[in-house]
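Some notes on the structure that comes next.
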């Protein structure tokens, strides 16, 4: 008997437990040569903004032990071109699509949500309030419960759609549970966690930071225990809040840890750079890990580590 | 063309001068053109190096093998250098936009620095198959770092070697002799692969002497398949607009006159979507 791997994020039913992670699969199209993108739980797009954006200067990447730092700076085509070229491709190919949005200010988040609420083919909205690669760290809304809630309230007020809104949270805070409470009160349907951690690598030959943007976001298996901890804490405090888990998941065993900590589904991020087939592979491996432990379904394992 | 992710068994790993020459079984890959590259996973499934290493494809026997030239200099390439015949490597190939071949049988110059010569024998054969004259300029810091001299000599009309220290051929840079080669043979196209400063100098010499250039750039990549947005550089498009283009899917081969060489590692203020005063 095969294990039931279907799951859900609030009102969104997912046919598979692995999704891509924002910023790690562009808008899905490039992965199509490695697997059937429509068979993934969903594609979470790279965060889209109102205007086209060049991103930061290179070098944008530094490999670190079991991880990497990135300083891309939200390079993207802007919402208009995204709808025309990227979302249309996703819709035509029957891909479940969660659109990640990022704004320079609260109003831009609202405007993006207002536009996307009217567009068919948007199965969910991930509100990226935690990208570390912005000029002003003051713009990392997820570092402050009040500004995090302001963004979510604004998005919620224009979101006339049944699709769930997820807030993407940063682990670079004193108390991630406080931020989670704050976005839940503002009306969010679920949370995605975790975004990258702010880091730096210094080139000691040039005696300056290696990245063009100086600082970057740390991702990959190096941050996995931080993600598991954050998910565990938030699930403990808000057990009915759907969590999309991400942070260095490399195989089915890792994914099972996230589910046991309280995630309902997982996004595969940095590992895709090394293994573009990973979102499919990890779903298969997760099924085997569950089967080997005698479980019939993924759903029965969500948050199970809290009960033992 | 679509890239494939395949497990390739190493057939041989042989030192060649200062480099290693690796041949792998790749029966699934049959459409390699000169300038295509491959992205190799390094470190094993539980290793600490997550990102692929990109190498230009040195040679390809369609439906049989792929060949690569590399130098061990970091933890990933050192791991690769320690692999042996029979070991299996996870490879994605072929990737990128290859060199564009001329439609007419014109005179062409191939310029390469160090192991930038790796894809150039394949290119020279293709150019000759198109009845093009092929002249080659190979350069390196020192003799040990030259690659492909004899092989390229056998598939070209002339070959000049330069080394910075004079241990082989002409003492100096490839660009010290390039203008002379272009003028002498009335070359109309220059194909280049090597370090970025060399490519910039080659593109400038080509343009000053009335030749088109195509340059295979070397930018650090994380994925090689177009999803990470790491390997960008400012490229002028057909519409005259500069965009931060991905060298993995929009390149690695670009027209030399379309790369804003002086602005590499920056975002030019007139680039599409560049930061504006007061925020984006």
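By its C-alpha gyration tensor, with a ≥ b ≥ c as the square roots of the eigenvalues, how is the range A:155-308 shaped: rounded for a/c under 1.5, else prolate for a/b larger than b/c, else oblate? Judged from the Cα gyration tensor, the range A:155-308 comes out oblate (a/c at least 1.5, b/c at or above a/b). When B:14, A:18 are sorted by how many other C-beta atoms sit within 10 angstrom of their C-beta, beginning with the fewest, the order is B:14, A:18.
Computed from the C-beta positions of residue B:46 and residue A:304, the FRET efficiency with R₀ = 22 Å rounds to 0.30.
For peptide A:59-65, the mean count of partner chain Cβ atoms within 10 Å of a residue's Cβ comes to 6. Applying 0.36 nm per residue to the separation of residue A:175 and residue A:160 and subtracting their alpha-carbon distance, the gain on full extension is 2.3 nm. All Cα-Cα separations within the protein assembly as shown were binned at 20 Å from zero, giving a P(r) of 20, 51, 25, 4, 0, each value a whole percent of the pairs.
Could you state the number of Å between the C-alpha centres of the range A:159-204 and the range B:50-93? Spelled out, the Cα-based centre of one part sits 39 Å from the other. Once you sort the root eigenvalues of the Cα gyration tensor of the range A:1-74 as a ≥ b ≥ c, which label holds: rounded (a/c under 1.5), prolate (a/b larger than b/c) or oblate (the other case)? It is prolate, given that a/c is not under 1.5 and a/b is the larger ratio.
What the pair-distance distribution of the range B:61-181 shows, using all Cα-Cα distances binned every 5 Å from zero, is 2, 10, 17, 19, 18, 15, 11, 6, 2, 0 percent. Springs between alpha-carbon atoms under 10 Å, Gaussian network over chain A: tell me which of A:31, A:169, A:19 tops the mean-square fluctuations. Ranking A:31, A:169, A:19 by mean-square fluctuation puts A:31 first. Its Kirkwood hydrodynamic radius, worked out from the mean inverse distance over all distinct Cα pairs, puts the range A:222-308 at 12.8 Å.
The DSSP beta bridges internal to chain B are antiparallel in roughly 60% of cases.
In the range B:200-280, the convex hull through the Cα atoms has an average projected area of 5.9 nm², a quarter of its surface area.
One quarter of the convex hull surface built on the alpha carbon atoms of the range A:67-220 amounts to 9.9 nm², the projected area averaged over directions. Which percent, nearest 5, of DSSP beta bridges in the range B:160-275 are antiparallel? The answer is about 55 percent antiparallel. For the protein assembly as shown, DSSP calls about 50 percent of its internal beta bridges antiparallel.
Relative to the compact-globule estimate of 2.2 N^0.38 Å, the Cα radius of gyration of chain B comes out at 1.00. Over the range B:1-103, the ratio between the Cα radius of gyration and 2.2 N^0.38 Å evaluates to 1.03.
With all pairs of different C-alpha atoms in the average, the Kirkwood value for the hydrodynamic radius of chain A is 19.1 Å.
Counting every alpha-carbon pair across the range B:124-265, the share separated by more than 22 Å comes to 43%. Ordering A:235, A:307, A:189, B:73 from the fewest to the most neighbouring beta carbons within 10 Å gives A:307, B:73, A:189, A:235.
Centre-to-centre, using Cα atoms only, the range A:86-108 and the range A:220-285 are separated by 22 Å. Note that the range A:31-130, at 10 °C in a medium of 1.306 mPa s, gets a Stokes-Einstein diffusion coefficient of 108 µm²/s from its Kirkwood radius over C-alpha pairs.
Just so you know, all these numbers are worked out from the coordinates, no wet-lab data involved. Everything quoted here is computed from the prediction, not taken from an experiment. Please note: Cβ atoms are built from the backbone with ideal geometry, for glycine as well, and neighbour counts cover all protein chains shown.
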